[in-house]
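To start, the structure under review is shown below, and the notes come after it.
The values are calculated or read from the model by the stated rules, or taken from the named source; none is laboratory data. Just so it is clear, the structure is predicted and the values come from calculations on it, not from any experiment. Positions of Cβ are generated from backbone atoms using ideal geometry, with glycine treated the same way; all protein chains shown enter the neighbour counts. Accessible surface is based on the protein model in full, side chains and every heavy atom, while ligands, DNA and RNA are left aside. Shrake-Rupley method; radii C 1.70, N 1.55, O 1.52, S 1.80 Å.
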Amino acid sequence: MRVRQAHIGRYRDCKIRNRGLETAYMHLANRFVTALFLTAALAASGSIVAAATPQEASVQVRVYDSHHRDYHNWDDREDRAYRGYLTERHENYRSYDKQNHKHQANYWNWRHSHPDHD
């Protein structure tokens with residue numbers, strides 16, 4: 001009988017120790033799964049942000065007209081109008097941002113009196 005009780009006692013001790021290991025393994029597995037899901041969520045959101053649409057991929061430049069207190073988008077249409085302004089005045093092309101403030105103000109005065117006709 002003593003042998004059997006000793007065997008049962010050792011089995012119980014072993015079971016208690018293993019329960020601690022099982023709990024530790026479950027916590028470790030839980031952390032691993034949580035980290036896996038978190039990584040997947042961050043990777044998915046990062047790829048959505050990184051996928052730029054063609055409209056977002058282009059650079060948009062806005063220019064402030066201080067005399068008229070408004071903004072203008074500098075795009076192909078505005079560049080064509082600026083080149084037309086220079087041609088009308090018989091001036092050689094020089095980039096808008098390289099012009100002095102007075103020349104830029106003259107352009108915006110001209111531009112407000114010559115709107116686009118679509």
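Values computed for the structure shown
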| quantity | calculated |
| --- | --- |
| Residue that is among the acidic types (Asp, Glu) and either open to solvent by less than 100 Å² (accessible area, probe 1.4 Å) or at pLDDT 65 or above (or both), where the choices are Glu22, Glu56 | Glu22 |
| Hey, Arg62 touching a strand residue (DSSP E or B) at 6+ places or on another chain (Cβ under 6 Å), open to solvent by 100 Å² or more (accessible area, probe 1.4 Å) and of a type in the set (D, E, K, R) or not | yes |
| Subset tally (residues that are in a loop (DSSP other than H, G, I, E, B) and either more than 16 Å from Asp116 (Cα to Cα) or open to solvent by less than 60 Å² (accessible area, probe 1.4 Å) (or both)) for the range 74-95 | 7 |
| All positions within the range 99-118 that are of a type in the set (Ser, Thr, Tyr) and surrounded by 12 or more Cβ atoms within 10 Å (Cβ to Cβ) | Tyr107 |
| Some residue of the range 63-73 being among the aliphatic types (A, V, I, L, M) and assigned to a helix (DSSP H, G or I) | no |
| Close pairs from the range 92-113: first under 15 Å from Arg62 (Cβ atoms), partner modelled with pLDDT under 95 and acidic (Asp, Glu), Cβ under 6 Å, at least 6 apart | Trp108/Asp65 |
